[in-house]
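A short worksheet on the structure shown next.
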Amino acid sequence: MEDLRKHIKNKNEMLESNFLLCDLFEIIHNQEDRVFCEYLANFRIKEIKYSEMKKYIFKMATFLKKNISVEKGKFIGILMENSINWIAVFWGLLMIGYKPLLLNARLPFEMNEKVLAMASCENVISDESFTNYKLNANILYLKKSIGYLPDIDKEEEIKDKTWENEIALSTTATTLNIKLCIYKGEEIIYQCLNTNGILAKNKMIKTGYKGKIKVLMFLPLYHVFGLFASYFWFSIYGRSFVFLNDYSTDTILKTIRKHEVTHVFAVPLLWHSLYKEIIKQVNRS
């Protein structure tokens with residue numbers, strides 16, 4: 001049985017002495033055979049380990065380096081829904097010297113064009129599900145896939161890394177007053193150093209099932225809470241993530257059951273929708 005407190009202490013010591021995003025990448029991905037994520041492919045659960053994900057990110061970085069020719073240090077937009085490819089593009093851009101700009105995929109394109117202008121960003125990485133999303137930008141489209149992209153998986157792992165240390169995301173624009181939030185590595189890592197305080201106030205946060213913690217990747221990674229609380233915080237400690245094939249209420253319920261998900265972070269609307277779906281199923285039985 002893992003000594004969770006000792007594991008958290010060791011990880012926090014690493015964080016406290018390393019304040020760059022390249023350091024955070026290594027702290028997250030040097031976890032050998034821990035399962036990074038699960039998703040459903042051909043009706044079977046597919047697992048990817050942290051070590052495997054690290055290699056795939058190196059291959060994505062090689063692919064991006066071949067296909068992006070703008071000046072280093074520029075912001076490059078990411079317009080995708082949650083998937084392992086979103087994460088691979090995020091880290092891949094950083095390690096070849098670009099700053100990821102996390103675009104809210106559920107905003108009208110007019111609002112995201114304002115975000116691009118704020119960041120002086122002219123290039124975006126997206127996937128085929130956004131071909132009708134008319135942004136005034138140079139867009140590199142990947143194939144839509146929840147798992148590995150075969151063409152990218154054939155690439156060589158990148159060797160010469162030139163790390164950037166800054167990311168940006170926009171507010172959710174509920175007031176139509178969009179703001180750009182920029183985070184450097186040090187600011188991100190300080191956000192992640194609150195583990196002991198969270199555990200002291202919320203004992204359930206470390207509760208697993210069958211010895212595992214599995215986080216449903218429901219909240220979008222381009223949202224600050226999805227990125228920090230769902231992804232960064234749990235990945236640092238080697239927990240597992242479950243990706244959804246779609247966001248229908250039925251798929252969410254089936255995914256939670258099949259993968260034995262333990263943690264779901266969501267807005268109140270999701271719980272209302274799940275409640276209605278559960279009651280509907282109860283009434284059928």
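Name the one entry in K49, K72, K59 that is closer than 19 Å to K161 by Cβ and either touching an Asp or Glu at 6+ places or on another chain (Cβ under 6 Å) or of a type in the set (D, E) (or both). Explain how you work it out, then say what you get.
Details: K49 fails: closer than 19 Å to K161 by Cβ; K72 fails: either touching an Asp or Glu at 6+ places or on another chain (Cβ under 6 Å) or of a type in the set (D, E) (or both).
Every option except K59 fails the conditions.
Condition test on E110, is it over 15 Å from the mean Cα position of the chain (by Cα) and either at pLDDT 95 or above or in a strand (DSSP E or B) (or both)? Walk me through it before giving the result.
Working: over 15 Å from the mean Cα position of the chain (by Cα): yes; either at pLDDT 95 or above or in a strand (DSSP E or B) (or both): no.
The answer is no for E110.
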Only one residue in L221, L244, L253 is over 19 Å from the mean Cα position of the chain (by Cα) and either aliphatic (A, V, I, L, M) or crowded, with 20+ Cβ neighbours inside 10 Å (or both). Which one? L253
Pick from N12, N85: which is among the polar types (S, T, N, Q) and surrounded by 23 or more Cβ atoms within 10 Å (Cβ to Cβ)? N85
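Can L140 be described as part of a loop (DSSP other than H, G, I, E, B), of a type in the set (A, V, I, L, M, F, W, C) and in contact (Cβ under 8 Å) with a residue 60 or more places away in the chain? Quick ask: steps written out before the conclusion?
Details: part of a loop (DSSP other than H, G, I, E, B): no; of a type in the set (A, V, I, L, M, F, W, C): yes; in contact (Cβ under 8 Å) with a residue 60 or more places away in the chain: yes.
So L140 does not fit the description; no.
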Restricted to the stretch 91-107, and to residues that are part of a loop (DSSP other than H, G, I, E, B), in contact with a Leu (Cβ under 7 Å, 6 or more places away or on another chain) and modelled with pLDDT of 95 or more, which residue is surrounded by the fewest Cβ atoms within 10 Å (Cβ to Cβ)? I96
When you go through N194, N177 one by one, which is the residue that is of a type in the set (S, T, N, Q), open to solvent by 10 Å² or more (accessible area, probe 1.4 Å) and within 25 Å of I125 (Cα to Cα)? N177
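Take the stretch 186-204 and flag every residue that is within 15 Å of I8 (Cα to Cα), hydrophobic (A, V, I, L, M, F, W, C) and either touching a strand residue (DSSP E or B) at 6+ places or on another chain (Cβ under 8 Å) or assigned to a loop (DSSP other than H, G, I, E, B) (or both).
Looking only at the stretch 186-204, we keep the residues that are within 15 Å of I8 (Cα to Cα), and these are 189-200, 203.
Retained after the next criterion (residues that are hydrophobic (A, V, I, L, M, F, W, C)): 189, 192-193, 198-200.
The answer is L193, and nothing else.
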Just the residues that are open to solvent by less than 70 Å² (accessible area, probe 1.4 Å) and either touching a Ser or Thr at 6+ places or on another chain (Cβ under 6 Å) or β-branched (V, I, T) (or both), please, taken from the stretch 38-71. I48, I57, T62, I68, V70
Filter the stretch 205-218 for residues that are charged (D, E, K, R) and either assigned to a loop (DSSP other than H, G, I, E, B) or crowded, with 19+ Cβ neighbours inside 10 Å (or both) and give the result. K210, K214
Apart from one, (1) open to solvent by less than 80 Å² (accessible area, probe 1.4 Å); (2) assigned to a loop (DSSP other than H, G, I, E, B); (3) not β-branched (V, I, T) all hold for E156; the odd one out is (1)
For N132, are the conditions met, namely being open to solvent by 90 Å² or more (accessible area, probe 1.4 Å) and either modelled with pLDDT under 95 or not polar (S, T, N, Q) (or both)? yes
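If we keep just the residues of the stretch 72-86 that are outside any strand (DSSP E or B) and touching a Leu at 6+ places or on another chain (Cβ under 7 Å), which is modelled with the lowest pLDDT? Break it down into steps so the answer makes sense when it comes.
Our first condition is that a residue be outside any strand (DSSP E or B); within the stretch 72-86, this holds for 72-74, 80-86.
In the following step, the residues that additionally are touching a Leu at 6+ places or on another chain (Cβ under 7 Å) were identified as 82, 85-86.
Working: N82: 95, N85: 98, W86: 98.
Ranking the candidates gives N82 first.
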Restricted to the stretch 257-285, and to residues that are among the β-branched types (V, I, T) and open to solvent by 40 Å² or more (accessible area, probe 1.4 Å), which residue is modelled with the highest pLDDT? T262
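The values are calculated or read from the model by the stated rules, or taken from the named source; none is laboratory data. What you see is a predicted model, and the numbers here were worked out from it, not measured in a lab. Cβ atoms come from the backbone with ideal geometry, glycine included; neighbour counts cover every protein chain shown. Calculation scope for accessible area: heavy atoms of the full protein, side chains included, ligands and nucleic acids excluded. Shrake-Rupley method; radii C 1.70, N 1.55, O 1.52, S 1.80 Å.
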